[in-house]
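K.L.:
Got a structure here, written out as structure tokens. Questions coming.
What follows is calculated from the coordinates using simple rules that are stated; it is not laboratory data. Values in this document were obtained by computation on a predicted structure and should not be read as measured data. In this analysis, Cβ positions are derived from the backbone assuming ideal geometry, glycine residues included, and neighbour counts consider all displayed protein chains.
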Amino acid sequence: MLLEQTHLIDTKDLSQTEIEEILERAAFWEQNRAKNLVPFAGRFVANLFFEPSTRTKFSFEVAEKRLGLEVLNFSTAHSSVAKGESLYDTVKTLVSLGVEAAVIRHQEPEVISELLERDTGCVIVNAGTGKTAHPTQALLDLYTMKKHFGHVSGLKVAIVGDIAHSRVARSNLWCLGKMGAQVMLSGPPEMRDPDLEKFAPYVPFDEGLQVADVVMMLRIQLERHQDPIFHAQDQYHQMFGLTKERLNRMKPGAVIMHPGPFNRGVEIADELVEHPRSKIFEQKANGVFVRMAVLEKVLQGGQEL
Amino acid sequence: MLLEQTHLIDTKDLSQTEIEEILERAAFWEQNRAKNLVPFAGRFVANLFFEPSTRTKFSFEVAEKRLGLEVLNFSTAHSSVAKGESLYDTVKTLVSLGVEAAVIRHQEPEVISELLERDTGCVIVNAGTGKTAHPTQALLDLYTMKKHFGHVSGLKVAIVGDIAHSRVARSNLWCLGKMGAQVMLSGPPEMRDPDLEKFAPYVPFDEGLQVADVVMMLRIQLERHQDPIFHAQDQYHQMFGLTKERLNRMKPGAVIMHPGPFNRGVEIADELVEHPRSKIFEQKANGVFVRMAVLEKVLQGGQEL
Amino acid sequence: MLLEQTHLIDTKDLSQTEIEEILERAAFWEQNRAKNLVPFAGRFVANLFFEPSTRTKFSFEVAEKRLGLEVLNFSTAHSSVAKGESLYDTVKTLVSLGVEAAVIRHQEPEVISELLERDTGCVIVNAGTGKTAHPTQALLDLYTMKKHFGHVSGLKVAIVGDIAHSRVARSNLWCLGKMGAQVMLSGPPEMRDPDLEKFAPYVPFDEGLQVADVVMMLRIQLERHQDPIFHAQDQYHQMFGLTKERLNRMKPGAVIMHPGPFNRGVEIADELVEHPRSKIFEQKANGVFVRMAVLEKVLQGGQEL
């Protein structure tokens, strides 16, 4: 329950109403993007990224600064975490300094769960935890779909690639279901996750491709996999990548999405990244407005606009 | 002499009047913390941290931003110090760029002394030098005591732990003496410093504990020590740590302090860190206001408030 | 053509009129430096430094913040470049987030050229590329000369040191020629570049010294060179460094310049760095105003001042 906890940890916890409120508010921020409104001026937020990230970290940083927030960027290399301090003590320290929200990316979801069991006095926004959740990514994906199609309900969304390791797949699955979309999962058999297939059917890629309104390709980390086929990028691309040939078999009006960072020529053909049907860079633009909406909601009580 | 030098290097150099002025001004900043006053808007300060730090660096950064200062964060990994440039040339360069104050943490106190021998054109605030000085920590400790007890004069303060290596012990010792408090030093015999015992008596921990108004535990870096007892955290904790049992023998009304980062279960029992008698996180909160007062004093001439 | 491309990549591309406009506007920013004008408030710029840098990076950061710009600092260590993302995709992502200008330092000039062949949607400011170009350094050098002498035309400028590896030499050479100054190149024979000597004569150091209005010493990286004379700093200093003795043979009114970071006692005598004839730290101060002018020009359309 977002409103009770005031945290944003997983799209599982969000009601349809809460999702719609966030999307509406994101639209407000997009419409007013040129106005330099700064309702949270003089208030502090910290970004704690325990994994490398460009787009998510900068997306939050832009969202925060556009709201007028002062930003503390925490990097493990220059911090007392080197001295063995726990995340709880780090966050509690930041709160003592005046920080009201912590945006955290961490490999271990348990670290966030443990944090929430204790009262740090600040709201937590999950910026990506291991393979479990990446709620702001899913919300910006929804926003992108709604902007394009006018609605999310009834859309068919094929999520394709390394489902087993994907926090993006999971967060989208929970969200899309609540909003009345139909999700299909696809990708190499080695990358399936039977637990998720209780909630969304697994379909062969070329089958999903023909019925999907949204083809959401996931990043493939070939270096993670043992099977020889994953060492041959070309072979992977031909079997499971979005090729130009496959684009032609997509439904009229269907769009391509990808959370990034993408591997050109692996899960998506180089020339499709910026194809007119691709929403990839628009997703990034939308991410700023969605994160502004999320921060505004968890922080509450900025200046009246 | 703070007013003459305009630097803040060591609490040794501060008069009682100067200390009181800083504490009073810190109280002003605490009282007005919600007001988003920014008297130094458009002016620049640089944080130069040559040792890892979370709380001190972020505490200064928050203090600076609350004053409206623009902040340059200097990290050795991304700087020309890698190319062998001296600190003097670095600071002089920053001054040329418009920086008016440099907040410096450095392992070698001589580096700061050498810097002060030459005219850089900017004020220096010491954010911790080796084992010699950490003046803003001592000032925030004083502020915390004054806020709790209403006065510092007459207080009995036991500083406990690795005295020999502690810049916090030294800076507190000079400050507390000037303000009329009585300091006792305690801790393992291997961690005593005979030079400091000219200024404050060494007492057995359990003796100091019973008379102290403030029990200030220091961080222990067990890995630094050769003696086998320091390799057994439990053993150290029983002999020289603030245990729950020892808490019960503290004087009524006495408080626990710790400069952080703390080792839960080593120098302080886990459950005492956030005990009602503990001022540990309040110290961090107070640090922001004290650092605002220090920066304001060394920079002078902000906008009238 | 700066106006057409709106990028600033190389002084080769600038007309005399464009250079003069930048210098005039830099003078405006210097005159109004105390006013806290922020014509670009709420707009975003990113600094992407793929080489270590102190003064250039901070100089841009100060310039940006003085214009009111919000700054994203990109460091390779904490970014998806670690995951193999191309610079084009990184910049395109930043643009999607709202970034309007990217200030880039990179070892490989080709990386910037490739970037310009595609439409990223943002303006690029070159903050130093390999040995080819460092346009804002050359512009600040011109500004420093014009401020001192009242004009650049007719000045004799001796650029001395490792000409072959110097982007500063190249960018100054193109600029100074357009502004009517006469450039001479000098330094050890091993560090000559015959290609540049089509545009400016090579002269023995002691000959150039006697006629130059500006003696611009370049940073020497002795560790780069194989020849044994470059391993003896003293020997290098005597043969090719600006010694106190050589200062005495400089033309009356002539000034010393150096782009920094300098090696005291190698290419310039320690006591000459801050000699009254040295413009070294003034160059750094001027750099902020020149970079404000450059950013203003490439970004255009800030608030009316």
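K.L.:
Taking the range A:135-284, how much of its Cα-Cα pair set, in percent, is spaced more than 25 angstrom apart?
P.N.:
Numbers: 2102 of 11175 pairs.
The calculated P(r) of the range A:135-284 puts 19 percent of pairs beyond 25 Å.
K.L.:
Shifting gears a bit: By the gyration tensor of its Cα atoms, with a ≥ b ≥ c the square roots of the eigenvalues, what is the shape of the range B:31-167: rounded for a/c under 1.5, prolate for a/b over b/c, or oblate?
P.N.:
Taking the square roots of the gyration eigenvalues as a ≥ b ≥ c, the range B:31-167 is oblate.
K.L.:
Next up: Taking each residue in A:63-73, count the Cβ atoms of any other chain within 10 Å of its Cβ, then average. What number comes out?
P.N.:
Working: counts 2, 1, 6, 4, 0, 2, 0, 6, 3, 6, 5.
If you average over the peptide's residues, the count of other-chain Cβ atoms is 3.
K.L.:
Now, a different point. Cα centroids of the range B:189-226 and the range A:131-188: how far apart, whole angstrom?
P.N.:
59
K.L.:
If you don't mind, there's one more thing I want to ask. Please compute, for peptide B:49-57, the average count of beta-carbon atoms on other protein chains lying within 10 Å of each residue's beta-carbon. Each step should come with its number before you reach the end.
P.N.:
Numbers: counts 1, 0, 1, 8, 5, 15, 9, 1, 5.
Counting other chains' Cβ atoms within 10 Å and averaging over B:49-57 gives 5.
K.L.:
Any idea what log10 I(q)/I(0) is at q = 0.06, 0.09, 0.10 Å⁻¹ for the protein assembly as shown, Debye with uniform C-alpha scatterers and no solvent?
P.N.:
Each listed q maps to, in turn, -0.49, -1.04, -1.20.
K.L.:
Next question, about the same structure. With unit charges on the beta carbon (Lys/Arg positive, Asp/Glu negative), name the residue among C:Ser86, A:Gln182, B:Gln31 whose Cα is farthest towards the positive pole of the charge dipole of the protein assembly as shown.
P.N.:
In the protein assembly as shown, that residue is B:Gln31.
K.L.:
Could you work out how much longer the chain between B:Gln300 and B:Thr6 gets when fully extended? Use 0.36 nm per residue separation minus the Cα distance between them, nm to one decimal.
P.N.:
Details: separation 294, 0.36 × 294 = 105.84 nm, distance 0.89 nm.
Difference between extended and current length: 104.9 nm.
K.L.:
Set the bar at 28 Å for Cα to Cα. Now go through A:Lys279/C:Lys65; B:Lys12/B:Lys284; A:Lys57/B:Lys279; B:Lys65/B:Lys178; C:Lys131/C:Lys279; A:Lys198/A:Lys251 and name every pair that lies beyond it.
P.N.:
Over 28 Å apart, Cα to Cα: A:Lys279/C:Lys65; A:Lys57/B:Lys279; B:Lys65/B:Lys178.
K.L.:
For chain A, what is one quarter of the convex hull surface built on the Cα atoms, given in nm²? Can you show the working numbers first?
P.N.:
Numbers: hull surface 63.2 nm².
Averaged projected area of chain A's Cα convex hull equals 15.8 nm².
K.L.:
Continuing with this model, one more query. Between the range A:1-59 and the range B:246-267, what is the C-alpha centre distance in whole Å?
P.N.:
39
K.L.:
Moving on. So if I place +1 on the C-beta of Lys and Arg and -1 on the C-beta of Asp and Glu, and nothing else carries charge, what would the dipole magnitude of the protein assembly as shown be about its Cα centre? I want it in debye, nearest 20. Working shown, then result.
P.N.:
On the way: 102 positive and 120 negative charges, 286 e Å.
That gives a dipole near 1380 debye.
K.L.:
Now, a different point. Which residue, chosen from A:Phe262, A:Ala169, A:Tyr143, occupies the Cα position most advanced towards the positive end of the dipole of the range A:135-284, where the dipole is computed from +1 (Lys, Arg) and -1 (Asp, Glu) charges on Cβ about the Cα centre?
P.N.:
Projecting each Cα onto the dipole axis, the largest value belongs to A:Tyr143.
K.L.:
Quick one: which residues, 5 or more positions from B:Lys251 or on another chain, have an amide H under 5 Å from its amide H? H modelled 1.01 Å from N in the peptide plane, none for Pro or chain starts.
P.N.:
Those qualifying (amide H under 5 Å, at least 5 residues apart or on another chain) are B:Ala212.
K.L.:
Let me ask you something else. Under the 0.36 nm per residue contour assumption, what length would be gained going from the current alpha-carbon distance of C:Lys147 and C:Gln210 to full extension? Write out the running numbers ahead of the final one.
P.N.:
Values: separation 63, 0.36 × 63 = 22.68 nm, distance 2.20 nm.
Result for the pair: 20.5 nm of gain on full extension.
K.L.:
Let me ask you something else. Which one, C:Leu242, B:Phe199, A:Gly154, is farthest towards the positive end of the dipole of the protein assembly as shown when Lys and Arg carry +1 and Asp and Glu -1 on their Cβ?
P.N.:
Projecting each Cα onto the dipole axis, the largest value belongs to A:Gly154.
K.L.:
Ok, one more. Could you tell me what percent of the DSSP beta bridges with both partners in the range C:63-203 are antiparallel, to the nearest 5?
P.N.:
On the way: 1 of 12 bridges.
Antiparallel: roughly 10 percent of the beta bridges in the range C:63-203.
K.L.:
Then there is this: Just for the protein assembly as shown, what percent of DSSP beta bridges are antiparallel, to the closest 5? If you can, show how the numbers build up before the last one.
P.N.:
Working: 3 of 105 bridges.
Rounded to the nearest five, the antiparallel share is 5 percent.
K.L.:
Based on DSSP H runs of at least 4 residues, each adding -39500 (n - 2.57), what is the mean residue ellipticity at 222 nm of chain C after dividing by all its residues, to the nearest 500 deg cm²/dmol? It would help to have the intermediate numbers written out before the result.
P.N.:
Numbers: 11 runs with 119 residues, N = 305.
That comes out to -12000 deg cm²/dmol.
K.L.:
State to the nearest 20 debye the size of the charge dipole of the range B:135-284 about its Cα centre, where the only charges are +1 on K and R beta carbons and -1 on D and E beta carbons.
P.N.:
Details: 18 positive and 18 negative charges, 131 e Å.
Using Cβ point charges on Lys, Arg, Asp and Glu, the range B:135-284 gives about 620 debye.
K.L.:
Continuing with the same structure: For chain B, what proportion of DSSP beta bridges, expressed in % and rounded to the nearest 5, is antiparallel? Mind dumping the intermediate values first?
P.N.:
Values: 1 of 35 bridges.
If I count the DSSP bridges inside chain B, around 5 percent turn out antiparallel.
K.L.:
Are there DSSP H segments in chain B that both extend 20 Å or more along their axis (alpha-carbon positions) and score a mean Kyte-Doolittle hydropathy of at least -0.5? List them, or say none. Working shown, then result.
P.N.:
Values: long enough: B:16-31 (23 Å, -0.71); B:135-149 (21 Å, -0.29); B:280-299 (28 Å, 0.67).
Long hydrophobic helices here: B:135-149, B:280-299.
K.L.:
Taking the Cα centre of the range A:110-202 as the origin, how large is its charge dipole in debye, to the nearest 20, when only Lys and Arg (+1) and Asp and Glu (-1) carry charge on their Cβ atoms? Please report the intermediate quantities before stating the final value.
P.N.:
Numbers: 10 positive and 10 negative charges, 98 e Å.
Dipole size: approximately 480 debye.
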